[in-house]
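**Student:** Below are the structure tokens for one structure; questions will follow.
The values are calculated or read from the model by the stated rules, or taken from the named source; none is laboratory data. Fair warning: this is a prediction, and the values are worked out from it, not measured in the lab. When we count neighbours, we look across all protein chains shown, and the Cβ atoms used for this are built from the backbone with ideal geometry, even at glycine. The area values use the complete protein model at the heavy-atom level, side chains included, leaving out ligands, DNA and RNA. Shrake-Rupley method; radii C 1.70, N 1.55, O 1.52, S 1.80 Å.
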Amino acid sequence: MDNSNSISSMARVQIVGAGVAGFTLTRELIQRGYRGEIVLCDPQGLPYDRPPLSKALRREYFMPASWYAEHGVQLRTEAINDPALPEAADEWLVLATGSRAKKLTVPGAEHALSLHTADEAELIARRLDQGMFAMPVAIIGAGLVGAEFASAARQAGAQVTLYSASSAPLARVLGEEMARELHAAHRRNGVTCVDAAVTEVGPDYVVAAGQRHEAALIVAAVGAEADTTVAEGLGLVVDDGILVDDAQRVIGQQQVLAIGDAARRVDHPRAVHWEAAMDDAAIAAAVITGQPAPSRKVDWFWSDRHDAHVEVVGDFTRASSHISRLGRRGNLEAVFGLDSAGNLVAASMVDGGLLSKALRRLMDAGVTPTAEQLADPSVGPRELAKAGRS
Amino acid sequence: MSYQVGPAEQIPEGEALLVDSSDSGAAEDIAIFHAEDGNFYALQDECTHETASLADGWIDGTEVECPLHSASFCLKTGKALCMPATVDARTYKVEVVDGQLELDI
């Protein structure tokens, strides 16, 4: 019997969770020529991409079912609650269990829908579709999902009220000034904003600041948390995410990796965006195939609402001062965050075109343009990227 | 069929030109890129992920990154190099003849 063959026939990667992290790992393993068995498990069925859920209330598959078959990937849809911990050096368990919607904790919370899975997005889309024109929709929470859904519901012709305890939600993510500006933009786009916490929900109403507001559809978008149920069942180390090292290995485990929203690197805040999940997956694929791990890129994500394409590069929680860039009409184009040493560590922008690309490259290289260059709207992305080089 | 795009020098290195299908008679809009290896390449202009013009993208070496969601494509082969694109872009042949760009449509 051919020895190398028998080894490769035992080699196996079981991936639990098929969001962007689990799917990207599958794709990376295939691209890297991994010859073992790949088992991708998710009770939600054919893997789909999350960003379109709150933006367009739509399920978009990464790949057709035939692609998995063509590459010999086994897709399993039964729930995997207690996978076996691998023992052999060529057997891997990868937890890519993602996040789950945080629960609203006010009386009557069960009347609010959540918008986290494709099934939920499709249910909400049907309700909007079947509802009368100008159907009153209440959205509790004005974070990324709440804001994007407010925009989608407006486009569907609903009369939207957005409830937020803050007038600058996401300030820690977007920078205070950008957060305030984007929240104010909801009003210009026909959304009613109530800057007060919802204290009670009923079948057809919500209560905020002591006032009762009617609503035919109520959606709670109060954040997400790492889904660590499987990890906890296995007795793995969990603290706001499954704790992993820089190679995505679960602390104390040799053959178990965790990637994406469910994982948190020791001494780092938990990364919760799409691209960070792909970086995790690429690193995990390199570990499994014994190849050098690619470097992690600076954080970047986008959000679309009311025709504005919002992008954030870096991490505003590291910023201690801000520089704004105003357009010719006095509109806020971008906010840059600098740390206490004056290094560029974060930026948020609206319809920035190639600005985000320039900033990602600058931050990856650890280069900070001058305050004047950052604030001046006539300094275009390419010039900014070059300015950093000189 | 070949479409005369005009002088090659109209596209500085690191930039791109959109060739509208209504001008060229091609089946779709095509982006011609002047890559950082000095060569010209042409791809379908629309990103294979969502509606965005690759001619507005960021050219890095011989790759272009979509302006909207940063999917990147190999200019030589059209191969989708990273998510969110999973489908390759169509390539077109483009040549410089006597300083003029000729696009094979």
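**Student:** What tally of residues in the stretch A:355-374 results from selecting those that are open to solvent by 30 Å² or more (accessible area, probe 1.4 Å), in contact with a helix residue (DSSP H, G or I) (Cβ under 6 Å, 6 or more places away or on another chain) and either within 14 Å of another protein chain (Cβ to nearest Cβ) or assigned to a helix (DSSP H, G or I) (or both)? Lay out the reasoning, then the answer.
**Tutor:** Going through the stretch A:355-374, the residues open to solvent by 30 Å² or more (accessible area, probe 1.4 Å) turn out to be A:361, A:364-368, A:370-373.
Now narrow it down to the ones that are in contact with a helix residue (DSSP H, G or I) (Cβ under 6 Å, 6 or more places away or on another chain): A:361, A:367, A:373.
Still in the running and either within 14 Å of another protein chain (Cβ to nearest Cβ) or assigned to a helix (DSSP H, G or I) (or both): A:361, A:373.
Of the residues in the stretch A:355-374, 2 are open to solvent by 30 Å² or more (accessible area, probe 1.4 Å), in contact with a helix residue (DSSP H, G or I) (Cβ under 6 Å, 6 or more places away or on another chain) and either within 14 Å of another protein chain (Cβ to nearest Cβ) or assigned to a helix (DSSP H, G or I) (or both).
**Student:** With the requirement that a residue be within 26 Å of A:Leu170 (Cβ to Cβ) and either surrounded by 24 or more Cβ atoms within 10 Å (Cβ to Cβ) or in contact with a Phe, Trp or Tyr (Cβ under 6 Å, 6 or more places away or on another chain) (or both), what does the stretch A:91-111 give you?
**Tutor:** If the condition is that a residue be within 26 Å of A:Leu170 (Cβ to Cβ) and either surrounded by 24 or more Cβ atoms within 10 Å (Cβ to Cβ) or in contact with a Phe, Trp or Tyr (Cβ under 6 Å, 6 or more places away or on another chain) (or both), then A:Ala96, A:Thr97, A:Gly98 are the ones that fit.
**Student:** Now for a separate question. Does the stretch B:33-45 hold any residues that are touching a Leu at 6+ places or on another chain (Cβ under 7 Å), surrounded by fewer than 24 Cβ atoms within 10 Å (Cβ to Cβ) and in a strand (DSSP E or B), and which are they?
**Tutor:** B:Phe40
**Student:** Residue check, A:Ala118 against (1) farther than 28 Å from A:Leu234 by Cα; (2) open to solvent by less than 60 Å² (accessible area, probe 1.4 Å); (3) in contact with a helix residue (DSSP H, G or I) (Cβ under 8 Å, 6 or more places away or on another chain), all met but one. Which one?
**Tutor:** Answer for A:Ala118: the failing condition is (1).
**Student:** Further question: May I ask you to list the residues in the stretch A:184-206 that are within 27 Å of the chain's Cα centre (by Cα) and not in a strand (DSSP E or B)?
**Tutor:** Within the stretch A:184-206, A:Ala184, A:Ala185, A:His186, A:Arg187, A:Arg188, A:Asn189, A:Gly190, A:Val191, A:Asp195, A:Ala196, A:Ala197 meet the criteria.
**Student:** Within the stretch A:282-318, track down each residue that is within 14 Å of another protein chain (Cβ to nearest Cβ) and in contact with a Gly (Cβ under 7 Å, 6 or more places away or on another chain).
**Tutor:** A:Val298, A:Asp299, A:Glu311
**Student:** Pairs please, first residue from the stretch A:127-150 and acidic (Asp, Glu), second anywhere and open to solvent by 20 Å² or more (accessible area, probe 1.4 Å), Cβ atoms under 6 Å, 6+ apart in sequence or on different chains.
**Tutor:** If the second residue must be open to solvent by 20 Å² or more (accessible area, probe 1.4 Å), the pairs left are A:Glu148/A:Lys55.
**Student:** Could you tell me whether any residue of the stretch A:272-282 is in contact (Cβ under 8 Å) with a residue 24 or more places away in the chain and assigned to a loop (DSSP other than H, G, I, E, B)?
**Tutor:** yes
**Student:** Still on this structure: Any idea which of A:Val335, A:Val298, A:Val313 is open to solvent by 20 Å² or more (accessible area, probe 1.4 Å) and in contact with a strand residue (DSSP E or B) (Cβ under 7 Å, 6 or more places away or on another chain)? Walk me through how you get there before you give the answer.
**Tutor:** Working: A:Val335 fails: open to solvent by 20 Å² or more (accessible area, probe 1.4 Å); A:Val313 fails: open to solvent by 20 Å² or more (accessible area, probe 1.4 Å).
Only one candidate qualifies: A:Val298.
**Student:** Still on this structure, please answer the following. Take A:Leu174 and tell me if it is in contact (Cβ under 8 Å) with a residue 60 or more places away in the chain and either exposed (fewer than 15 other Cβ atoms within 10 Å of the Cβ) or in contact with a helix residue (DSSP H, G or I) (Cβ under 8 Å, 6 or more places away or on another chain) (or both). Break it down stepwise before answering.
**Tutor:** Details: in contact (Cβ under 8 Å) with a residue 60 or more places away in the chain: yes; either exposed (fewer than 15 other Cβ atoms within 10 Å of the Cβ) or in contact with a helix residue (DSSP H, G or I) (Cβ under 8 Å, 6 or more places away or on another chain) (or both): yes.
Yes, satisfied.
**Student:** Next up: Just give me the residues in the stretch B:49-78 being polar (S, T, N, Q), open to solvent by less than 40 Å² (accessible area, probe 1.4 Å) and within 14 Å of chain A (Cβ to nearest Cβ), in sequence order.
**Tutor:** Residues of the stretch B:49-78 that are polar (S, T, N, Q), as a first pass: B:51, B:53, B:62, B:70, B:72, B:77.
Among the residues that remain, those that are also open to solvent by less than 40 Å² (accessible area, probe 1.4 Å) are: B:53, B:62, B:70, B:72.
Matches in the stretch B:49-78: B:Ser53, B:Ser70, B:Ser72.
**Student:** Okay, moving on. Give the number of residues within the stretch A:81-102 that are among the basic types (Lys, Arg) and either on the phi > 0 side of the Ramachandran plot or free of Cβ contacts under 8 Å to residues at least 60 places away in the same chain (or both).
**Tutor:** Keep residues of the stretch A:81-102 that are among the basic types (Lys, Arg), which gives A:100, A:102.
Adding the requirement that they be either on the phi > 0 side of the Ramachandran plot or free of Cβ contacts under 8 Å to residues at least 60 places away in the same chain (or both) leaves none.
Total satisfying the criteria: 0.
**Student:** Just checking, how many residues over the stretch A:375-390 are acidic (Asp, Glu) and either touching a helix residue (DSSP H, G or I) at 6+ places or on another chain (Cβ under 8 Å) or free of Cβ contacts under 8 Å to residues at least 24 places away in the same chain (or both)? Full working, then the answer.
**Tutor:** Step one: of the stretch A:375-390, the residues acidic (Asp, Glu) are A:376, A:383.
Now narrow it down to the ones that are either touching a helix residue (DSSP H, G or I) at 6+ places or on another chain (Cβ under 8 Å) or free of Cβ contacts under 8 Å to residues at least 24 places away in the same chain (or both): A:383.
The qualifying residues number 1.
**Student:** Next question. Quick one: in the stretch A:319-353, which of the residues that are of a type in the set (A, V, I, L, M) and within 14 Å of chain B (Cβ to nearest Cβ) is nearest to A:Val272 (Cα to Cα)? Walk me through how you get there before you give the answer.
**Tutor:** Filtering the stretch A:319-353 for residues of a type in the set (A, V, I, L, M) gives A:319, A:323, A:326, A:332, A:334-335, A:338, A:341, A:344-347, A:349-350.
Still in the list and also within 14 Å of chain B (Cβ to nearest Cβ): A:349-350.
Details: A:Met349: 19, A:Val350: 21 Å.
Among residues in the stretch A:319-353 that are of a type in the set (A, V, I, L, M) and within 14 Å of chain B (Cβ to nearest Cβ), the one nearest to A:Val272 (Cα to Cα) is A:Met349.
**Student:** Among A:Glu37, A:Glu28, which is at pLDDT 95 or above, acidic (Asp, Glu), over 21 Å from A:Leu144 (Cβ atoms) and touching a Lys or Arg at 6+ places or on another chain (Cβ under 7 Å)?
**Tutor:** Every option except A:Glu37 fails the conditions.
**Student:** How many residues, within the stretch A:222-237, are touching a Lys or Arg at 6+ places or on another chain (Cβ under 9 Å), of a type outside the set (D, E, K, R) and crowded, with 18+ Cβ neighbours inside 10 Å?
**Tutor:** If we filter the stretch A:222-237 for residues that are touching a Lys or Arg at 6+ places or on another chain (Cβ under 9 Å), which is where we start, we get A:222-227, A:229.
Filter once more, so that each one left must be of a type outside the set (D, E, K, R): A:222-224, A:226, A:229.
Cutting the leftovers down to crowded, with 18+ Cβ neighbours inside 10 Å gives us A:222, A:224, A:226.
Within the stretch A:222-237, residues that are touching a Lys or Arg at 6+ places or on another chain (Cβ under 9 Å), of a type outside the set (D, E, K, R) and crowded, with 18+ Cβ neighbours inside 10 Å number 3.
**Student:** Return the residues of the stretch B:79-101 that are touching a helix residue (DSSP H, G or I) at 6+ places or on another chain (Cβ under 8 Å), farther than 15 Å from B:Glu46 by Cβ and more than 14 Å from chain A (Cβ to nearest Cβ); say none if nothing qualifies.
**Tutor:** Those that are touching a helix residue (DSSP H, G or I) at 6+ places or on another chain (Cβ under 8 Å), farther than 15 Å from B:Glu46 by Cβ and more than 14 Å from chain A (Cβ to nearest Cβ): B:Val96, B:Gly99, B:Gln100, B:Leu101.
**Student:** Quick one: would you say A:Leu243 is outside the structural domain of A:Leu93 (by TED's automatic domain parsing) and surrounded by 15 or more Cβ atoms within 10 Å (Cβ to Cβ)?
**Tutor:** Values: outside the structural domain of A:Leu93 (by TED's automatic domain parsing): no; surrounded by 15 or more Cβ atoms within 10 Å (Cβ to Cβ): yes.
Criteria not met by A:Leu243.
**Student:** Hey, can you tell me all the residues within the stretch B:14-32 that are charged (D, E, K, R) and surrounded by 13 or more Cβ atoms within 10 Å (Cβ to Cβ)?
**Tutor:** If we filter the stretch B:14-32 for residues that are charged (D, E, K, R), which is where we start, we get B:15, B:20, B:23, B:28-29.
Scanning the stretch B:14-32 gives B:Glu15, B:Glu28, B:Asp29.
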